[in-house]
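The values are calculated or read from the model by the stated rules, or taken from the named source; none is laboratory data. Keep in mind the model is a prediction, meaning the values are calculated, not measured. With ideal geometry, Cβ positions are generated from the backbone for all residues, glycine too; neighbour counts draw on all protein chains shown. The protein model used for the area step is the full one, side chains on, heavy atoms only, and it has no ligands, DNA or RNA in it. Shrake-Rupley method; radii C 1.70, N 1.55, O 1.52, S 1.80 Å.
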Amino acid sequence: MLNIAIDGPVGAGKSTIADEVAARLHILHLDTGAMYRAVGLAVMDAGLDIQDEAGVTALCAAGRAHVDVRYQDGAQHTLVNGQDVTGRIRTQQAGTAASAVSRYAAVRQMLVRRQQEIAAAQPMLLDGRDICTVVLPNAPVKIYLTASCEVRAKRRFDELQQKGDKTPYAQIL
């Protein structure tokens, strides 16, 4: 089975490149960062403090942050507990929550297991952090993609501006 792993820092363009490569190869692209953003959103929706590791771990253990993906018209839709949160996960707040909850072992273990299940079912391109070393260590193709801090911040700034978020470039950088 063809699995391709793309790793690198936030804002390097992993998802943009992954979308294009997956389309050209006629395989699906799993945006793993969206899955972490979805867990962060689930934590906020539950009224929990994203810094409360015990609370976040309990939420995950109780199955109240179950993340799944569906593909419609070639695009990934990210779901939490069966609800499509695709439109809500690309905010600065969801990104901050994702960064916080991704530090917790219980969240990482839950999502790595889910990502491996999804990738085992069909040819797939996965992008995100630790994809090459943890999620798909045996992938036949592994790519590490990076960009300067300024380029990464500009990419994020432009993305947020398109969504009406007025976070200043300097704050993102």
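As an exercise: evaluate Gln162 against (1) closer than 15 Å to Gly11 by Cβ; (2) in contact (Cβ under 8 Å) with a residue 60 or more places away in the chain; (3) open to solvent by 40 Å² or more (accessible area, probe 1.4 Å); (4) among the polar types (S, T, N, Q) and give the number of the one condition it does not meet.
(2)
Would you please name the residue that is most open to solvent (accessible area, probe 1.4 Å), looking only at residues in region 18-61 that are of a type in the set (Gly, Ala, Ser) and under 20 Å from Gly87 (Cα atoms)?
Across region 18-61, the extreme among qualifying residues is Gly47.
Considering only region 17-37, how many residues are touching a residue at least 60 places away in the same chain (Cβ under 8 Å), closer than 20 Å to Ile89 by Cα and part of a helix (DSSP H, G or I)?
Residues of region 17-37 that are touching a residue at least 60 places away in the same chain (Cβ under 8 Å), as a first pass: 17-18, 21-22, 25, 27-33, 35-37.
Within this subset, residues satisfying the condition of being closer than 20 Å to Ile89 by Cα are 17-18, 28-33, 35-37.
So of that shortlist, the ones also part of a helix (DSSP H, G or I) come out as 17-18, 32-33, 35-37.
Total meeting the criteria: 7.
Is there any pair linking a residue in region 139-151 that is closer than 21 Å to Gln116 by Cβ to one that is acidic (Asp, Glu) and open to solvent by 90 Å² or more (accessible area, probe 1.4 Å), with Cβ under 9 Å and at least six apart or on different chains, and which?
Matching pairs, first to second residue: none at all.
Taking the residues in region 134-157 that are in a strand (DSSP E or B) and touching a Cys at 6+ places or on another chain (Cβ under 9 Å) as candidates, determine which candidate is nearest to Ser102 (Cα to Cα). Walk me through how you get there before you give the answer.
Here is the first cut: in region 134-157, the ones in a strand (DSSP E or B) are 141-144.
Subsequent filtering for residues that are touching a Cys at 6+ places or on another chain (Cβ under 9 Å) retains 142-144.
Values: Lys142: 22, Ile143: 21, Tyr144: 20 Å.
Filtering first and then ranking leaves Tyr144.
Of all residues in region 118-133 being under 15 Å from Val10 (Cβ atoms) and assigned to a loop (DSSP other than H, G, I, E, B), which is modelled with the lowest pLDDT?
First, the residues of region 118-133 that are under 15 Å from Val10 (Cβ atoms): 127-131.
Retained after the next criterion (residues that are assigned to a loop (DSSP other than H, G, I, E, B)): 128-130.
Details: Gly128: 86, Arg129: 81, Asp130: 88.
It comes out as Arg129.
Taking the options Arg129, Arg152, name whichever one is under 22 Å from Val107 (Cα atoms) and in contact with a Pro (Cβ under 9 Å, 6 or more places away or on another chain). Explain how you work it out, then say what you get.
Numbers: Arg152 fails: under 22 Å from Val107 (Cα atoms).
Testing whether each residue is under 22 Å from Val107 (Cα atoms) and in contact with a Pro (Cβ under 9 Å, 6 or more places away or on another chain) leaves just Arg129.
Taking the conditions exactly as written (under 25 Å from Ala54 (Cβ atoms), assigned to a helix (DSSP H, G or I) and under 18 Å from the mean Cα position of the chain (by Cα)), does Gln93 satisfy them or not? Spell out the reasoning first.
Values: under 25 Å from Ala54 (Cβ atoms): yes; assigned to a helix (DSSP H, G or I): yes; under 18 Å from the mean Cα position of the chain (by Cα): yes.
Yes: the conditions hold for Gln93.
With under 17 Å from Val135 (Cβ atoms) and touching a residue at least 24 places away in the same chain (Cβ under 8 Å) as the only criterion, which of Val67, Val56, Val43 stands out? So that I can check it myself, show each step before the final result.
Numbers: Val56 fails: under 17 Å from Val135 (Cβ atoms); Val43 fails: under 17 Å from Val135 (Cβ atoms).
None of the others qualify; the one that does is Val67.
Can you spot a residue in region 97-104 that is at positive phi, outside any helix (DSSP H, G or I) and either at pLDDT below 90 or of a type outside the set (Ser, Thr, Tyr) (or both)? Walk me through how you get there before you give the answer.
Filtering region 97-104 down to residues at positive phi leaves none.
Checked region 97-104: no residue is at positive phi, outside any helix (DSSP H, G or I) and either at pLDDT below 90 or of a type outside the set (Ser, Thr, Tyr) (or both).
On the basis of being in contact with a helix residue (DSSP H, G or I) (Cβ under 7 Å, 6 or more places away or on another chain), under 26 Å from Arg24 (Cα atoms) and modelled with pLDDT of 90 or more, does Gln115 make the cut? Talk me through it step by step, then tell me what you get.
Numbers: in contact with a helix residue (DSSP H, G or I) (Cβ under 7 Å, 6 or more places away or on another chain): yes; under 26 Å from Arg24 (Cα atoms): yes; modelled with pLDDT of 90 or more: yes.
Judged against the criteria, Gln115 is a match.
Working only within region 60-78, note down all residues that are part of a loop (DSSP other than H, G, I, E, B) and modelled with pLDDT under 90.
At the first step, the residues of region 60-78 found to be part of a loop (DSSP other than H, G, I, E, B) are 62-66, 73-74.
Residues satisfying the conditions are Asp73, Gly74.
Out of all the residues in region 88-98, is one or more touching a Pro at 6+ places or on another chain (Cβ under 9 Å), open to solvent by less than 80 Å² (accessible area, probe 1.4 Å) and either closer than 26 Å to Arg24 by Cα or of a type outside the set (Ser, Thr, Tyr) (or both)?
Our first condition is that a residue be touching a Pro at 6+ places or on another chain (Cβ under 9 Å); within region 88-98, this holds for none.
For region 88-98, residues touching a Pro at 6+ places or on another chain (Cβ under 9 Å), open to solvent by less than 80 Å² (accessible area, probe 1.4 Å) and either closer than 26 Å to Arg24 by Cα or of a type outside the set (Ser, Thr, Tyr) (or both): absent.
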